[in-house]
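Enquirer: My questions all concern the structure below.
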Amino acid sequence: MTKKDSSQNTEMKENIFESSDSTKFNRGHLKVWFTAGMGFFTDAYDLFIIGIVLIILEGQGTSFSISTGNPYVGAGLIGSSAIIAAIFGQLIFGRLSDILGRKAIYGIEAALLASGAILSAFSFNFITLFAFRFILGLGIGGDYPMSATIMSEYSNTKDRGKMMALVFANQGIGSVVAVFIGLLSVTIFPAEIAWRFMLAFGAIPALLVIYLRRKLPETPRYSALVKGDKKQTEKAMNVVASGAEVENMAIAKKFTLSEFLRNYASMLVVTAGSWFLLDMAFYGTGIYSGEFTSSIIPSATLFDKILVAGLPFFVGFFGYFTAVALMDKVGRKTLQTFGFFMMFILYLIVAAVLETNGAKITGYIIPSSVALILYSLTFFFIDMGPNTTTFITPAELYPVNFRSTGHGISAATGKVGAAITTFTFAALSTSIGIKPLLLLLAGTSVIGGVLSLFLKETKNMSLEETSNEKMVAQSQISE
């Protein structure tokens, strides 16, 4: 493509989406946010409620342990089953979304979320709980590339980071609600009923948005740049920009897989690699928060144990909305890099103040309350930085024909890291102790910080600019 052609394409693409890219934040954006965000609320709730369920199942006999009777292996498999399934969901739904369109499959993943949550509540042994959580995980995985891509393609340029961060902030809300539902359940119900209620509750928000997802028009970007449908493009743009019209249509160059990898491989290394490192820390400390916090503040009752395990999530909650406020001002790259390095520093400090005897923690060289605060602050910087930015940037950096595919690959790589720590941390915390695990997380965090230095900044740029979209006027397609 010549420099002149590139200039013409830039002008052309700005004309197509000018109405929606320049519009102010409005009710249409809020509708898309709610439709996408409720799925992410469900994702977070379902992923983190299992940590509380595992605390209860410790006292439920051996029916939820595998045949070896090893509780740590059983807990690791149940805790990681949804995460393992999410890997497949992210890859499958991510690719299908680019091939068939966003609208064609949006809502199917929410149906999987709802059915998996309900079925999990009726599990009667380890195998059924593992299988039903696997179904749930397929829906969770599918929701990542779908919700991220749809929000990015409906957002205006100025507020895109904020709106995508708001979608992701539902993870913080879902995590906090998981703690509240856990506390409420063990207060009202006996333990054998409480954990089933916790799992069933996760179906409610998913059921609320299935209809909305099926009715949402195809996104403006996919309608115009892939389908070349002017009428559908205007319909989609009118969701967020009333009266929007399209003058000069264009379509995007359709990359083959080899072309996509050749042009975007280095970017995939950054988005997928940083997500992998982030999720090792986020899920390792998240799902087994109780293992960490109980070593700091021992709890006598089940209620107290759940409450203490949930304290870091309350601190992390404010990190999500700090990210919302700063995303389009500070930028994705700065927040991600800073967040990783703060995680590194805090993990080192918490590990340094531990007094151990082998794998067992015997005390702290500082007051235990201060140690808990320092540990909880890691959640704040995770959520303010890389936990949010790794979700946003893959939906901005890849071309429309591979946008949800690139996001799905990045998210799936992250879930590989999550599965590793989720499956192994329960056993490792008792065999080698928490201190080496914190040092391991410190190491992954500093690597993540260095990798983030190579991330492309995307604030205040159109999606076509951030992804280096190659476009051609529709009148030239047959030439």
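Enquirer: At what distance in nm do the modelled label points of Asn468 and Phe314 sit from each other, each positioned 7 Å from its Cα along Cα→Cβ?
Expert: Placing both labels 7 Å along Cα→Cβ, they lie 4.8 nm apart.
Enquirer: Under the rule a/c < 1.5 gives rounded, and otherwise a/b versus b/c splits prolate from oblate, where does region 294-416 land using the Cα gyration tensor?
Expert: Judged from the Cα gyration tensor, region 294-416 comes out prolate (a/c at least 1.5, a/b above b/c).
Enquirer: Here's something else I'd like to know. Quick one: grab the alpha carbon gyration tensor of region 384-479, order the square roots of its eigenvalues as a ≥ b ≥ c, and give me rounded if a/c is under 1.5, else prolate or oblate depending on whether a/b is larger than b/c.
Expert: Since a/c reaches 1.5 and a/b is larger than b/c, the shape of region 384-479 is classed as prolate.
Enquirer: Okay, moving on. Subtract the Cα-Cα distance of Lys158 and Asp229 from 0.36 nm times their separation in residues, and report this length gain in nm to one decimal. Don't skip to the answer; put the middle values down first.
Expert: Values: separation 71, 0.36 × 71 = 25.56 nm, distance 2.56 nm.
So the extension gain works out to 23.0 nm.
Enquirer: If you don't mind, another one. Beyond a 19 Å Cα-Cα separation, which of these cross-linked pairs lie in this structure: Lys162/Lys230; Lys103/Lys333; Lys24/Lys215; Lys254/Lys470; Lys162/Lys333?
Expert: Details: Lys162/Lys230 28 Å; Lys103/Lys333 30 Å; Lys24/Lys215 23 Å; Lys254/Lys470 9 Å; Lys162/Lys333 14 Å.
Long pairs (Cα-Cα over 19 Å): Lys162/Lys230; Lys103/Lys333; Lys24/Lys215.
Enquirer: Still on this model: In whole Å, what is the distance between the alpha-carbon centres of region 406-479 and region 206-249?
Expert: About 28 Å separates the Cα centre of region 406-479 from the one of region 206-249.
Enquirer: Would you order Glu245, Glu465, Glu234 from fewest to most other beta-carbon atoms within 10 Å of each residue's own beta-carbon?
Expert: Values: Glu245 12, Glu465 15, Glu234 19.
Ascending Cβ contact count within 10 Å gives the list Glu245, Glu465, Glu234.
Enquirer: For the pair Thr128 and Ala111, how long in nm is the line joining their label points, each one 7 Å along Cα→Cβ?
Expert: Label-label distance for Thr128 and Ala111, simple model: 2.4 nm.
Enquirer: Express the Stokes-Einstein translational diffusion coefficient of region 12-462 in µm² s⁻¹, to the nearest whole number, given a Kirkwood radius over alpha-carbon pairs, 20 °C and a viscosity of 1.002 mPa s.
Expert: The calculation lands on 97 µm²/s.
Enquirer: Can you give the angle from 0 to 90° between the axis of helix 27-57 and the longest principal axis of the chain, with both taken from C-alpha atoms, to the nearest 10?
Expert: Tilt of helix 27-57: around 20 degrees.
Enquirer: How would Asp46, Asp159 line up from fewest to most surrounding beta-carbon atoms within 10 angstrom?
Expert: Numbers: Asp46 28, Asp159 18.
The most exposed by this proxy come first: Asp159, Asp46.
Enquirer: Nearest 10 degrees, 0 to 90: what angle lies between the long axis of helix 191-201 and the longest principal axis of the chain (Cα atoms)?
Expert: For helix 191-201, the angle is close to 10 degrees.
Enquirer: Then there's this: Which of rounded, prolate or oblate describes region 163-210 when judged by the alpha-carbon gyration tensor and an a/c cut-off of 1.5?
Expert: oblate
Enquirer: Gain in length, Asn248 to Ile204, computed as 0.36 nm per residue apart minus the alpha-carbon separation, to one decimal in nm?
Expert: Extending this stretch completely gives an extra 11.5 nm.
Enquirer: Moving to a separate point now. In what order do Met342, Met38 fall by count of nearby beta-carbon atoms within 10 Å, going from fewest to most?
Expert: Numbers: Met342 20, Met38 26.
So the ranking, lowest neighbour count to highest, is Met342, Met38.
Enquirer: I would also like to ask the following. Which of the trypsin sites (Lys or Arg not before Pro) found in region 248-295 are in a DSSP loop and have at most 15 neighbouring Cβ atoms, other than their own, within 10 Å? Walk me through the numbers on the way to the answer.
Expert: Working: sites: Lys253, Lys254, Arg262; in loops: Lys253, Lys254.
Listed in order of number, the matching sites are Lys253, Lys254.
Enquirer: Hey, what angle do you get for helix 230-240 against the long axis of the chain, alpha-carbon based, 0 to 90 degrees rounded to 10?
Expert: Roughly 50 degrees between the two axes.
Read-outs: derived from the displayed coordinates by stated rules, not from any lab. Since the structure is predicted, the reported quantities are computational estimates derived from the model, not experimental observations. Cβ: placed from backbone, ideal geometry, glycine included. Neighbour counts: every protein chain shown.
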